[in-house]
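A.B. asks: I'd like to ask you about the structure that follows.
The values are calculated or read from the model by the stated rules, or taken from the named source; none is laboratory data. This is a predicted model, so every value here is computed, not measured. In this analysis, Cβ positions are derived from the backbone assuming ideal geometry, glycine residues included, and neighbour counts consider all displayed protein chains. Side chains are part of the model used for accessible areas, which takes the heavy atoms of the whole protein and leaves out ligands, DNA and RNA. Shrake-Rupley method; radii C 1.70, N 1.55, O 1.52, S 1.80 Å.
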Amino acid sequence: MQRNITLQHSLENKADRSSVDVARLLEASIAPNTAKAYGDALRKLWDHLDGQPLTDTTLAGYLAHLYTRGLAPASVTVVVQAVRFWEKLDRRPSSAGPLTSRTLAGIRREGRNRGRGQVTGLTRETVKIMVQNAVATDTLAGLRDAALFRVMSDALLRIGEAVAIDCEHITTEFDGSGRLLLLQSKTDQEGKGASLFLTARTVDTILQLQQIAGYTEGPLFRRMLKGDRMSDTRLTVDGARLAIKAAAELVGIKGVSGHSLRIGTAQELAQRGATLVELQNAGRWTDSQMPAHYTREQAAGKGAVARLLGVD
């Protein structure tokens with residue numbers, strides 16, 4: 001079973017047009033980053049099976065293998081989700097039977113405190129320093145990165161959401177602040193959209209970038225060419241992630257991810273008294289457990305014990 005399986009693989013092996021259309025729409029129902037995660041999970045699964053058939057028994061064994069290697073329950077669960085989605089695309093009976101279900105339940109129960117690891121949040125103060133360092137390079141690349149950091153921090157953006165922004169998605173208000181129309185995100189697959197706040201300083205940085213680079217339409221964040229020239233093509237997720245990591249390491253912060261700007265703003269909002277509902281709305285989380293997880297230290301400092309017993 002040495003195959004390079006991706007979600008697109010199933011589309012190429014359909015017998016009739018209607019099946020292709022159904023599979024295509026099913027694949028379009030999930031975010032691109034989710035599709036990539038599923039494809040990566042399936043590729044690693046096939047490599048592990050090395051020709052063995054995919055059955056309830058072999059799938060359960062693979063899950064146990066991943067867990068014993070130290071993966072968090074959430075990461076192990078992605079494998080089952082990927083298998084189920086791929087089998088749905090190919091109209092196959094599910095391989096995830098009772099043994100897989102019980103194994104996954106045991107992993108979740110035993111590893112409920114293992115977690116994915118706490119991602120380092122980049123606070124607003126840190127972001128200001130990152131922006132200052134980027135602008136100080138006096139390069140177009142630095143100005144692009146400064147705008148990227150500001151927008152992601154203001155709007156609590158996922159990295160995939162940030163690179164998908166077009167110039168036309170941003171408007172300026174009478175007070176100098178801006179609004180970002182987020183057309184589609186991981187938690188808005190139907191594309192209802194959301195209007196997100198951008199500070200006046202962020203808008204100024206965006207306008208400066210556009211003026212110097214000479215564009216007002218198309219992708220807002222673009223790839224760089226040699227000679228500090230900007231291309232017409234959209235900045236990739238990997239490119240944005242590398243820019244964030246490099247800027248954070250420059251100020252002595254390691255362990256950051258594409259979500260660090262988003263998480264850092266959430267933590268600061270919690271520190272300033274934002275409620276869990278407000279955090280959930282600001283970050284467009286469908287599950288309140290996620291912002292609660294990211295801001296648990298800030299919540300402890302604002303809780304009843306801290307307020308009522310902190311002076312004892």
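A.B. asks: When the convex hull of the Cα atoms of segment 28-174 is projected onto a plane and the area is averaged over all directions, what value comes out in nm²?
C.D. replies: For segment 28-174, the mean projected area of the Cα convex hull comes to 13.2 nm².
A.B. asks: Also, quick follow-up: For residue 139, what residues show an amide H to amide H distance below 5 Å, using hydrogens built from the backbone and excluding near sequence neighbours?
C.D. replies: Here nothing satisfies the definition.
A.B. asks: Sequence gap at least 6, Cα distance under 8 Å: using those rules, report the relative contact order of segment 143-243 to the nearest whole percent.
C.D. replies: Dividing the mean separation by the residue count of segment 143-243 yields 30 percent.
A.B. asks: Please report the accessible area of residue 249 (heavy atoms, 1.4 Å probe, ligands and nucleic acids excluded) in Å², nearest 10.
C.D. replies: The accessible area comes out at roughly 110 Å².
A.B. asks: Note down the net charge around residue 243, summing +1 for each Lys or Arg and -1 for each Asp or Glu among other residues with Cβ under 9 Å from its Cβ.
C.D. replies: Taking every Cβ under 9 Å from that of residue 243, the sum is +2.
A.B. asks: Turning to a different aspect of this structure: Could you list the square roots of 5 times each eigenvalue of the Cα gyration tensor of segment 167-286, that is, the equivalent ellipsoid semi-axes, sorted largest first and rounded to whole Å?
C.D. replies: Those come to 25, 20, 16 Å.
A.B. asks: Considering all alpha-carbon pairs of segment 33-97, what whole percent are spaced by more than 16 angstrom?
C.D. replies: 42
A.B. asks: Also, quick follow-up: Counting Lys +1, Arg +1, Asp -1, Glu -1, what net charge surrounds residue 140 among other residues with beta carbon under 15 Å of its beta carbon?
C.D. replies: Here the count lands on +1.
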